[in-house]
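Novice: Have a look at this one before I ask anything.
The values are calculated or read from the model by the stated rules, or taken from the named source; none is laboratory data. Because the structure is predicted, anything quoted here is derived from the model rather than measured. Heads up, the Cβs are rebuilt from the backbone with ideal geometry, glycines too, and the neighbour counts pull from every protein chain shown. Calculation scope for accessible area: heavy atoms of the full protein, side chains included, ligands and nucleic acids excluded. Shrake-Rupley method; radii C 1.70, N 1.55, O 1.52, S 1.80 Å.
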Amino acid sequence: MKLAIITSKYPNSSQPYNHMFVHQRVKYMLQLGVDIQILVCSNFNKTYIYDGVVVQQLTNQKIVSVLGNFNVLYFHLLNIYPFQNKDGWLIYQKTIQKKIPFCMYVHGNEVQKYSARSYEYNYSIAESLKWIKKDFWVIPKIKNFVQTSQSIALGRFIFPSKWMHKEMQRNLKLKIINPVFIPNGIETDFYSYQDVSQYRYNLLSIRSFSSKVYDIEKTIEVMEYLPKKYTLTLYGQGKYLGEYKKIIKKKNLSQRIQIIERFLQPKEMLEEYRNHGVFLSTTRQDSQGLTILEAMSCGLLGVATLNTAKPEFIIHEKTGILGKTARRLALLIEKYTIDEVLFAQLTKKASKKMLEMNYNNTIEFEIEILNEI
């Protein structure tokens with residue numbers, strides 16, 4: 001099988017978080033002997049190497065010219081950008097026209113209307129234009145691609161969760177036939193269990209500050225309800241950083257919440273997991289939520305807002321904690337951190353559960369589906 005993975009972003013030395021979930025797949029597939037080319041839809045043509053992987057940034061015209069060289073196309077967040085050379089729509093069109101077998105791994109943003117994330121709306125002209133572009137330009141095209149491909153039985157759609165499957169159907173008003181469910185994998189050998197009970201009053205969150213989806217306001221609010229011995233280390237960068245700093249200062253939490261303005265490489269993330277006991281994730285929605293699951297694999301207590309796909313991956317008070325309000329989350333954090341034995345029991349069980357999402361298992365399943373296609 002000759003496979004093309006086509007996406008709109010890929011990690012590089014200055015932006016290591018760019019669709020890292022794609023890079024992790026590529027590494028495992030290469031180890032298993034899959035013949036892969038990485039094609040990143042871009043406004044220019046350039047080739048670079050990241051972590052030993054050859055990455056080709058190409059215009060949509062250039063990508064279209066080589067589509068016939070592959071047995072299967074695998075789309076990961078291939079975005080539609082009107083009137084640009086990095087617009088993925090031409091690639092979607094040619095895939096249908098040439099009847100090239102494909103799989104699309106549905107992450108969320110590519111199939112959700114703007115209204116599904118309306119909490120981002122700030123009444124500015126720029127944000128209003130984003131809304132119009134997404135709901136009246138992008139979504140109709142994606143719907144057309146999905147509808148047409150299903151009518152000729154051409155491709156398959158893979159989802160990280162059942163919630164994401166339902167969300168795609170709701171946004172596109174389409175029934176997705178024969179969905180495949182494969183969660184994003186975890187490097188459980190790398191993110192291995194370690195007893196971190198001595199750090200159980202140290203909370204950690206690793207988030208982007210560029211989107212309101214991560215609900216950092218609620219993360220901060222949780223700290224208000226926790227005793228003073230609890231601290232939070234918050235890693236991230238983005239346009240809302242200044243806003244979050246002001247909230248922390250206003251709530252007199254500057255001595256207990258430390259913001260570190262940078263992103264972390266995997267080895268650095270592992271080091272942080274080893275020095276904290278609780279991972280706090282208060283996202284407004286998640287198709288899976290990979291970072292918290294990696295932290296749980298390492299032995300941290302996973303604490304998340306009860307919504308969207310979270311209950312599919314975290315079993316409340318058996319492998320982690322789920323709650324709707326900041327006060328409720330704080331009460332549960334206290335319950336499971338005050339008692340060291342209870343903390344150890346829950347986190348060991350959670351780490352063991354994460355083994356089910358080991359990359360070897362998830363990637364082999366993906367390769368099986370791609371071979372079928």
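Novice: Do we have any residue at all in the stretch 111-123 that's of a type outside the set (D, E, K, R) and under 25 Å from ILE369 (Cα atoms)?
Specialist: yes
Novice: Output the residue which, of all residues in the stretch 109-154 that are out of contact with any Asp or Glu (no Cβ under 9 Å at 6 or more places or on another chain) and open to solvent by less than 20 Å² (accessible area, probe 1.4 Å), is nearest to TYR92 (Cα to Cα).
Specialist: If we take residues in the stretch 109-154 being out of contact with any Asp or Glu (no Cβ under 9 Å at 6 or more places or on another chain) and open to solvent by less than 20 Å² (accessible area, probe 1.4 Å), then PHE145 is nearest to TYR92 (Cα to Cα).
Novice: Which residues, taken from the stretch 340-373, are β-branched (Val, Ile, Thr) and within 30 Å of ILE36 (Cβ to Cβ)? It would help to see each step written out before you state the result.
Specialist: Taking the stretch 340-373 as the starting set, the residues that turn out to be β-branched (Val, Ile, Thr) are 341, 347, 362-363, 367, 369, 373.
Across the stretch 340-373, the qualifying residues are THR362, ILE363, ILE367, ILE369, ILE373.
Novice: Here are some residues: ASN85, ASN69, ASN79. Which one is surrounded by fewer than 22 Cβ atoms within 10 Å (Cβ to Cβ), touching a residue at least 40 places away in the same chain (Cβ under 8 Å), touching a Phe, Trp or Tyr at 6+ places or on another chain (Cβ under 8 Å) and not acidic (Asp, Glu)?
Specialist: ASN85
Novice: Take the conditions without any contact (Cβ under 8 Å) to a residue 24 or more places away in the chain, out of contact with any Leu (no Cβ under 7 Å at 6 or more places or on another chain) and under 17 Å from ASP286 (Cβ atoms) and apply them to LYS212. Does it pass?
Specialist: no
Novice: Condition test on GLU364, is it surrounded by fewer than 18 Cβ atoms within 10 Å (Cβ to Cβ), closer than 30 Å to PHE102 by Cβ and out of contact with any Cys (no Cβ under 6 Å at 6 or more places or on another chain)?
Specialist: So GLU364 fits the description; yes.
Novice: Let me ask you something else. Which one of these does TYR359 not meet: (1) at pLDDT 95 or above; (2) open to solvent by less than 10 Å² (accessible area, probe 1.4 Å)?
Specialist: Only one criterion is unmet by TYR359, namely (1).
Novice: Another question, then. Kindly provide the set of residues from the stretch 333-350 that are assigned to a helix (DSSP H, G or I) and either at positive phi or not β-branched (Val, Ile, Thr) (or both), ordered by number.
Specialist: GLU334, LYS335, TYR336, GLU340, LEU342, PHE343, ALA344, GLN345, LEU346, LYS348, LYS349, ALA350
Novice: Cβ-Cβ under 7 Å, sequence separation 6+ or interchain: first residue in the stretch 235-252 and within 9 Å of ILE216 (Cβ to Cβ), partner of a type in the set (Asp, Glu) and open to solvent by less than 70 Å² (accessible area, probe 1.4 Å). Which pairs?
Specialist: Every condition considered, the pairs that remain are ILE247/GLU217.
Novice: Say we look at the stretch 315-332 and pick out the residues that are within 17 Å of ILE216 (Cα to Cα) and assigned to a loop (DSSP other than H, G, I, E, B); which of these is most open to solvent (accessible area, probe 1.4 Å)?
Specialist: In this case the residue turns out to be LYS324.
Novice: Turning to a different aspect of this structure: Against the definition (open to solvent by 20 Å² or more (accessible area, probe 1.4 Å) and at pLDDT below 95), how does LYS62 come out, yes or no?
Specialist: no
Novice: Please specify each residue of the stretch 170-205 satisfying the condition of being in contact with a strand residue (DSSP E or B) (Cβ under 6 Å, 6 or more places away or on another chain) and surrounded by 14 or more Cβ atoms within 10 Å (Cβ to Cβ).
Specialist: Selection gives ILE176, PRO179, VAL180, ILE182, THR188, ASN202, LEU203, LEU204, SER205.
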